[in-house]
1. Can you compute the charge dipole magnitude of the stretch 244-299 about its Cα centre, using +1 on each Lys and Arg Cβ and -1 on each Asp and Glu Cβ, nothing else charged? Give it in debye, rounded to the nearest 20.
2. Would you mind ranking H46, H288 by Cβ crowding within 10 Å, fewest neighbours first?
3. Show me the chymotrypsin sites (Phe, Trp or Tyr not before Pro) within the stretch 137-213 that DSSP assigns to loop and that have at most 16 other Cβ atoms within 10 Å of their Cβ.
4. Pick out, in residue order, every one of the GluC sites (Glu not before Pro) in the stretch 261-366 that is DSSP loop and has at most 15 other C-beta atoms within 10 Å; say none if there are none.
5. Scan the stretch 2-67 for GluC sites (Glu not before Pro) in coil per DSSP, keeping those whose Cβ has at most 10 other Cβ atoms within 10 Å, and list them by number.
6. What ³J(HN,Hα) values, in whole Hz, does the Karplus curve 6.51 cos²θ - 1.76 cosθ + 1.60 give for the stretch 281-289 when θ = phi - 60°, with x put for Gly and Pro?
Amino acid sequence: MNADNPGASRLALLIAGGFVEGVRVSPSGDLWARCPFHKEETVAFHISPAKLLFKCFGCGISGRVCRFLELTRGVEAEEAARILKDLIQLAAFTPSAGRNRPRRAGELLGGLFESYALRLRSGAKSLTTGFERLDALSGGLSPGELTVLAARSGVGRTSFGIALLLHVGLKLGRPVAYVSGPLAPPQATERLLGALAGFHPRNLPTELLGGGERRALREASERLAKAPIYLPLEAPRSLNSLGDLTRSLRREQGVEFFVYDGIEHLAPQASLSVGAGLRDLARDLDLHLLATSRLKTRGQTQVHDLPADLFSNASSVLLLSQSEVAASERGFRRLCLEVAKSKAGPLGSLSLALNLDSLTLSEPGV
Ligand SMILES: [Zn+2]
């Protein structure tokens, strides 16, 4: 099996079956992870689905994949061989075109086992958002859940999505993905770079920058280049294509947090609303999905301005609005982030400051 055959990486994941942590799948479909047989933080454990061999470059344990199955599942050699045969069959299964044709139950098993493997290996840990008070209110970004952030146009929802994305992708070093409804991928990347370097995107053409700023920009580019942050070359415009993209990013890159900025750009499916589709996607792939939604109404931001479908299907609903209480400092805009629905924590609100020069958000007083 090789890179042309996505079955290779799927087979590697199925063999690992949640018994290893820190999983990365290489483009050729090989799996690298932390060794389950000795305690170490480095990713030195290797499974080759092409050769059906495993080896740890830390402690030296190695052998045929059947032996790995014996050791991790506590079975005899004969049973391990039978399990391996089943896993190879499951990995070779690829769903054919025609999404809505009825499937035999056996055909659906491949996807089911895959989602088990993903769920087991992710260890179902919540991620922090980078905003302490928000984590206290919402319980962080739990795998399998959908958060909807609603705001009127121009208030700062893109800045919010990017702040969370950079926190998880850079500070926590977890694989993340970013899709912008309104922005083409190069402009979306420019927003990420600007936020990281501390420049407004309009100042990004380098001729406009001084020496110190150019250095900051170079450092930001280097950090961004190394970060596990993924953007599609073409933004998906339907639930179907978003589903395909998310599945492949989850499987190939281990993406744990997905930001879709501007969900009003996404077309629903005939039989599935956008809210239900996003909820299912987050749950089935065991990742956290943040969707931002534009509120069309003028005046005060209210929960009932949000489409009921998004509200009812989200685990958390956040409303971002311009604060009317605190006077804005020069160069900053004070925002209010209200937790309007929370499955994991209490309701409440917190204050955020939007830096109008860099379009970055901070939590005052933390
Ligand atoms: Zn080892």
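Each reported figure results from applying straightforward, stated rules to the coordinates on display, with no laboratory input. On a predicted model such as this, the values are computed, not experimentally measured, just so you know. In this analysis, Cβ positions are derived from the backbone assuming ideal geometry, glycine residues included, and neighbour counts consider all displayed protein chains.
1. Charge dipole, the stretch 244-299, about its Cα centre: 280 debye, nearest 20.
2. Going from sparsest to densest Cβ surroundings: H46, H288.
3. Passing sites in the stretch 137-213 do not exist.
4. Here the sparse-neighbourhood loop sites are E324, E329.
5. Those satisfying the criteria are E41.
6. The phi angles translate into 4, 4, 5, 5, 9, 6, 10, 9, 10 Hz.
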